[in-house]
Structures are given as C-alpha cells and as structure tokens.
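For reference, the structure discussed in these notes is given below.
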Amino acid sequence: MAKRLRELEDREAEQSKSARKKLKEESAADDEIEKLKKKINSLENENNRLEQTLSEMDDELKDMKSREWVRKKAEVEKTDSYLKVHLSLSLSLSLSLSLSLSLSLSLSLSVLCGSLLSASLRRVIN
C-alpha cells in the first residue's frame, strides 16, 4: 500500500510539475501576445502619423502649384500688357509717320504747283 501511495504521490507531483510548466508556457505566450499587440498599436500610430504628414505635404504641394500658377498668370498678363502698349506705340508712330509723309507730299505738291504757276505767269508776262 505504501508503494501504491508513493506511485500516486509521484504521479501527482509529475502532473503538478507538468501543469506548472504548461502554465508558465501559457503565461510566456500571453506576455508575447501583449508585446505583439503593443507593437501593432505602435505601428498603427506611426502609420497614422505618416499618413497625416503625407496629407499635409500633399496639401502644401497643391498650394505651391496654385501659387506658381497665379505667379505665371500674372507674368503672362504683364507681358501681354507690355505687348499691347508696344503695339499701340508702334501704331501711333506708324500713323504719325504716315501723316508726316502725307503732309510732306502735300507740301511738295503745293510747292510744285506754285512753281508751275509761277512759270506759267512768267510765260504769260513775257
């Protein structure tokens, strides 16, 4: 009977030892799961931060493109304005030169007519 009691105690001790070992393994696995959960949470936070930074950079890029477009549009309008002024001045100069040439021709014709008239009068007088 003592032998039988001893075998039961040994078996119980072995089962207890096995249960403690299994409990330690489960506890270690739970600790590892918690570490992994924390790591996942940390990575999700980092991902959210990076997405926010990317969104801010995208907004900044759009703003920069918009400002560049406005600047270029202003340059084009300024150049267009200069070209219109230049064209207007060129037309004014061209009209002035045409008028001057017309007046010069008119004066030349008047002098020629005067000379012809003078010559005709001299012939009539002579």
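Miscellaneous remarks
- Cross-link partners of Lys62 among lysines (Cα-Cα below 21 Å; sequence separation of 8 or more within a chain): Lys72, Lys73
- Per-residue SASA remark: Lys62, around 120 Å² accessible (1.4 Å probe; ligands, DNA and RNA not included).
- Centroid-to-centroid separation of segment 102-126 and segment 5-44 [C-alpha atoms, Å]: 132 Å
- Principal-axis analysis of the Cα atoms of the chain puts helix 2-125 at an angle of about 0° to the longest axis.
- For segment 85-126, the Rg and Dmax computed from alpha carbons only, in angstrom: 17.9, 60
- Shape metrics for the chain, restricted to C-alpha atoms - Rg then Dmax, Å: 53.7, 184
- The helix-only estimate of mean residue ellipticity at 222 nm for the chain, built from DSSP H runs of length n ≥ 4 each weighted as -39500 (n - 2.57), is -38000 deg cm²/dmol after division by the residue total.
The values are calculated or read from the model by the stated rules, or taken from the named source; none is laboratory data. Here the structure is a predicted model, which means the values were calculated and not measured. Heads up: the accessible areas ignore ligands, DNA and RNA and are worked out on the full protein's heavy atoms, side chains in. Shrake-Rupley method; radii C 1.70, N 1.55, O 1.52, S 1.80 Å.
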